[in-house]
1. Taking Cα centroids, how far is segment 68-100 from segment 1-52 in Å?
2. Which order results if 113, 122 are arranged by neighbouring Cβ count within 10 Å, fewest first?
3. Tell me, what is a quarter of the convex hull surface for the C-alpha atoms of the chain, in nm² with one decimal?
4. Suppose each label sits 7 Å from its Cα in the direction of the beta carbon; what would the residue 50-residue 118 distance come out to in nanometres?
5. Using a simple spin-label model with points 7 Å from Cα along the Cα→Cβ vector, what separation in nm is obtained for residue 84 and residue 7?
6. Using the alpha-carbon atoms, what tilt in degrees (0 to 90, nearest 10) does helix 105-120 show relative to the longest principal axis of the chain?
7. 222 nm [θ] for the chain, helices only, -39500 (n - 2.57) per DSSP H run of 4+, per residue, to 500?
8. Rounded, prolate or oblate: which fits segment 27-68, taking a ≥ b ≥ c as square roots of the Cα gyration tensor eigenvalues, rounded meaning a/c under 1.5, else prolate when a/b beats b/c?
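What follows draws every value from the coordinates through simple rules; no lab data is involved. Keep in mind that what you see is a predicted model, and the values were worked out from it rather than measured. Because the Cβ atoms are built from the backbone with ideal geometry, glycine has one as well, and the counts that use them run over all protein chains shown.
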C-alpha cells in the first residue's frame, strides 16, 4: 500500500501540484506504524453497507461539501445526500478533488464559517 499511497493522493487531489513534501509525509507517517495494514484490513471488514433509508429522519442543519472534481466519491452521491437530508446545504468547490478541506482550505472555510455562524444564531 505504501507504494500506492501516492497514487491514491493523485486520485484524491485535483491539483496534485499542491502536494508538498510535508503533505506527503503527513499521509505516509501513519503507514509506518506497526500493524497499520492489519488495522486497515479489520476496519474494512467491519464496515457495513450504509442504510440510506434513515437519512430523512435526520432533522439537523447539515452541510455537504464536495470538490467539483472528486474522483473518489462521485459528485452525484454528494448531491443525492444533500437532497435527502431535510435541512442540508450543498456546496461544490471548483477545481478541487476529494479533500476540499486540504486542497482548498480558504474556500472551504468561506463555506463552513458562515454555516457555523448561522447555527449560533438559531433559536
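1. Answer, in whole Å: 20.
2. By the 10 Å Cβ count, ascending, the order reads 122, 113.
3. 9.4
4. 2.1
5. The modelled label-to-label distance comes out at 3.0 nm.
6. Taking Cα atoms only, the helix is inclined about 40 degrees.
7. Estimated from H runs of four or more residues: -13500 deg cm²/dmol.
8. Here segment 27-68 falls in the oblate category.
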